[in-house]
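The values are calculated or read from the model by the stated rules, or taken from the named source; none is laboratory data. Owing to the predicted nature of the structure, the values given are computational and were not obtained by experimental measurement. Counting neighbours? That spans all protein chains shown, and the Cβs are built from the backbone with ideal geometry, glycine included. The protein model used for the area step is the full one, side chains on, heavy atoms only, and it has no ligands, DNA or RNA in it. Shrake-Rupley method; radii C 1.70, N 1.55, O 1.52, S 1.80 Å.
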Amino acid sequence: MKFSKLLLVALSVSLFVSCSNDDDDTPKGVYDNGFFVLNEGSQSKGTISFSSNDFTTFTQDVYAVANGSDLPGGYLQNIFFDGDNAYIISGGSNVINVVNRYTFKLIAKIDSGLANPRYGVVLDGKAYVTNANTYSYINPATGDTDDYVAVINLTTNTVESKIALNATADRVILKDGKLYITDANASDKVLIVNIATKALETPVTIGYGANSIEEKDGVLYILKSPYGGSNEIVKVKISDKTTSTITFPESLDGSAYLDVYNDKIYYAVNESVYVINTTATAASTTPILTSATTNLYGFAVNNNHIFIADAKYTSDSFAYIYSLSGTLEKTLTTGIGSNGFYFND
């Protein structure tokens, strides 16, 4: 009896310890459980700010804190993650800084094979980064067709090949082994790259001005801000490439950004934010909030909050964080040219 009771106690303790370890919420580093604000900066230097999710901890320049005098490069464009690593794209310096996403300590620099890198995604140990190359604001038919996707081996941190696009490229979405690429300046199409074959498939024509692109349940949501025209959201059903459009009225004409969160489309036009269901066929003209921004340059919806970057180019920028109902909850003083939010949960 004593042996049986001891065995039962031992098994209980073992199960308790095992479950406790599985549910361990111990932070992996000082920058766990929070979000980064990417600050574009100047030609020579950009910065990255960090806030904890509860807004009690804030560091304005985490890269400098972790790496001293080393610089991440200028015109910081994008951050993407893979495992414990974060990859910081510097379009101004043609470099991608590889850091630990929880300590921000520098691991490596990818500094060859890039030409104005823009956005990146990861699949099976490789990163796919769009490169705007000459980055001319002209129609592809006149010669601006030298953009490409750099294929980066994340084990060696080297560009191992390039996928020629014969078109312009900027933002990229990864879905089911394919890249969906847009460019707001000189392309009226969504390019489709099959990663397995490294070949271009038949593109989808959506019109000029693609700004933000998101994917949800097999549908691409693309916000367009055409020059001299009204904004609109184009939905592309990935399975058959069919499209539908939500055209905004003239009252919603202006600089705009989009994010998809919990089956709702949130879009910002100038200083105001609106929301509709993903099944909607018409735009809302009633804002859920109007922010204090004078230059909305970054936008995201995550963790039940709306994040807005108010970019300044000669002084520090601001990040405004709102509840989903539109209540301002926090204002952060970030860095020059804040342009994006990246969540480290």
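Numbers at a glance
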read-out	value
Any hit, the stretch 216-227, residues being more than 22 Å from Gln77 (Cβ to Cβ), in contact with a strand residue (DSSP E or B) (Cβ under 6 Å, 6 or more places away or on another chain) and of a type in the set (S, T, N, Q)	no
Exclusive hit being closer than 24 Å to Phe341 by Cβ and modelled with pLDDT of 95 or more, set Asn304, Asn270	Asn304
Test result for Ile276, modelled with pLDDT of 95 or more and either surrounded by 20 or more Cβ atoms within 10 Å (Cβ to Cβ) or in a loop (DSSP other than H, G, I, E, B) (or both)	no
Test for Ala150: is it crowded, with 19+ Cβ neighbours inside 10 Å and either without any contact (Cβ under 8 Å) to a residue 40 or more places away in the chain or in contact with a helix residue (DSSP H, G or I) (Cβ under 7 Å, 6 or more places away or on another chain) (or both)	yes
Members of the stretch 279-290 found to be surrounded by fewer than 20 Cβ atoms within 10 Å (Cβ to Cβ) and assigned to a loop (DSSP other than H, G, I, E, B), listed by number	Thr279, Ala280, Thr281, Ala282, Ser284, Thr285, Thr286, Pro287, Ile288
Only listed residue being out of contact with any Pro (no Cβ under 9 Å at 6 or more places or on another chain), open to solvent by 70 Å² or more (accessible area, probe 1.4 Å) and within 20 Å of Ile222 (Cβ to Cβ), chosen from Asp253, Asp259, Asp345	Asp253
Filter pass, Thr293 being touching a residue at least 12 places away in the same chain (Cβ under 8 Å) and surrounded by fewer than 16 Cβ atoms within 10 Å (Cβ to Cβ)	no
Verdict on Asp183 being in contact with a Ser or Thr (Cβ under 7 Å, 6 or more places away or on another chain) and either among the acidic types (Asp, Glu) or surrounded by fewer than 14 Cβ atoms within 10 Å (Cβ to Cβ) (or both)	yes
Failed item in (1) in a loop (DSSP other than H, G, I, E, B); (2) open to solvent by 10 Å² or more (accessible area, probe 1.4 Å), with Gly74 passing the rest	(2)
Tabulated pairs, the stretch 157-181, first over 17 Å from Asn211 (Cβ atoms), second modelled with pLDDT of 95 or more and among the polar types (S, T, N, Q), C-beta under 6 angstrom, 6+ apart or interchain	Glu160/Asn153; Lys178/Asn194
Restricting the stretch 205-227 to residues that are β-branched (Val, Ile, Thr) and within 24 Å of Tyr261 (Cα to Cα), the residue that is surrounded by the most Cβ atoms within 10 Å (Cβ to Cβ)	Ile222
Among (1) under 17 Å from the mean Cα position of the chain (by Cα); (2) at pLDDT below 95; (3) among the acidic types (Asp, Glu) - the single one Asp253 does not satisfy	(1)
Residue match in the stretch 129-136 (condition: at pLDDT 95 or above and either out of contact with any strand residue (DSSP E or B) (no Cβ under 6 Å at 6 or more places or on another chain) or small (Gly, Ala, Ser) (or both))	no
Among (1) over 30 Å from Ser42 (Cβ atoms); (2) modelled with pLDDT of 95 or more; (3) surrounded by 21 or more Cβ atoms within 10 Å (Cβ to Cβ) - the single one Ala319 does not satisfy	(1)
Residue pairs meeting the criteria (Cβ under 9 Å; at least 6 apart or on separate chains; first on the phi > 0 side of the Ramachandran plot, in the stretch 191-212; second among the hydroxyl-bearing types (Ser, Thr, Tyr) and open to solvent by less than 50 Å² (accessible area, probe 1.4 Å))	Lys198/Ser161; Gly209/Ser225
So Lys45, is it in contact (Cβ under 8 Å) with a residue 24 or more places away in the chain, surrounded by 17 or more Cβ atoms within 10 Å (Cβ to Cβ) and among the charged types (D, E, K, R)	yes
